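The values are calculated or read from the model by the stated rules, or taken from the named source; none is laboratory data. Every value quoted in this text rests on a predicted model; they were computed, and no experiment measured them. Methodologically, a virtual Cβ is constructed for each residue, glycine included, from the backbone with ideal geometry; neighbour enumeration extends over all protein chains shown.
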Amino acid sequence: MNPKATVLIGDYLLAKGLLLSLDHNDYRVLHILSDAVRKMSEGELLQLEKARNLNLKEEIYYEIIRSKTASLVASACAAGAWSTTNDLETAEKMRLFGENAGMAFQIKDDLFDYSSDDVGKPTGNDIKEKKLTLPLIYTLNNTDQKTRRKIIFIIKNENTNKEKIQYVVENVIESGGINYAREKMNEFKQKSIDILQQFPENIYRKGLENLVNFVTDRRY
């Protein structure tokens, strides 16, 4: 899905959820959703701040996607759990489930930037937008200084040149950035599944497990 469309849909759903919470005086759900709005705003500001120097540490990258993407999924899971159980412990478990599933989702989306398949997202699109995604961050931190400087120069000054973008993509693949990102994606996936397995086995748990598998196996 187009990133702008994702943001607009997310904003709409959050706004709708906030209004419904007010209408029903459900202040716990209101708190959950308003916290997600705050985190998404903070994540966007952090990304804008860090994008200028292209020197993003992996920990900061996780902080950004945890705020921008994962918080939306986490709030939806927590709000749904609270609405049906009124149990804080259950709501928190489901929030953590959603957060980890959201992290896996975003890393999978990052990987599409280096895919040769038709996934509805142009290869190198994140590079053109000067976004530092996990495969690229790994490459910049695990390559020689000459290559690092060249990649950064391309991203800053030649990010519309297809040949230059292909150079970056090839270096990311050769450095092991793709495999590293997949490993991290699967770590977050497993964390989310481990949380689900704390609940009784039933069709609802199975449905959520299938959702997590779809998130990481999807081709678009």
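Considering the range 148-190, and only residues there that are acidic (Asp, Glu) and within 24 Å of the chain's Cα centre (by Cα), the residue that is nearest to Gly98 (Cα to Cα) turns out to be Glu187. Take the conditions over 30 Å from Arg52 (Cβ atoms), in contact with a Phe, Trp or Tyr (Cβ under 7 Å, 6 or more places away or on another chain), at pLDDT 95 or above and β-branched (Val, Ile, Thr) and apply them to Ile203. Does it pass? No.
Inspection of the range 180-190 finds a residue satisfying the criterion of being closer than 20 Å to Ala74 by Cα and without any contact (Cβ under 8 Å) to a residue 24 or more places away in the chain. Kindly indicate the residue of the range 151-179 that is touching a residue at least 12 places away in the same chain (Cβ under 8 Å) and among the charged types (D, E, K, R) and also surrounded by the most Cβ atoms within 10 Å (Cβ to Cβ) among those meeting that condition. The selected residue is Lys156.
Do the conditions hold for Asn86, that is, is it out of contact with any strand residue (DSSP E or B) (no Cβ under 7 Å at 6 or more places or on another chain), among the polar types (S, T, N, Q), under 29 Å from Asn213 (Cβ atoms) and surrounded by fewer than 16 Cβ atoms within 10 Å (Cβ to Cβ)? Answer is no for this residue. Being β-branched (Val, Ile, Thr) and at pLDDT 90 or above is a property that holds for Ile64.
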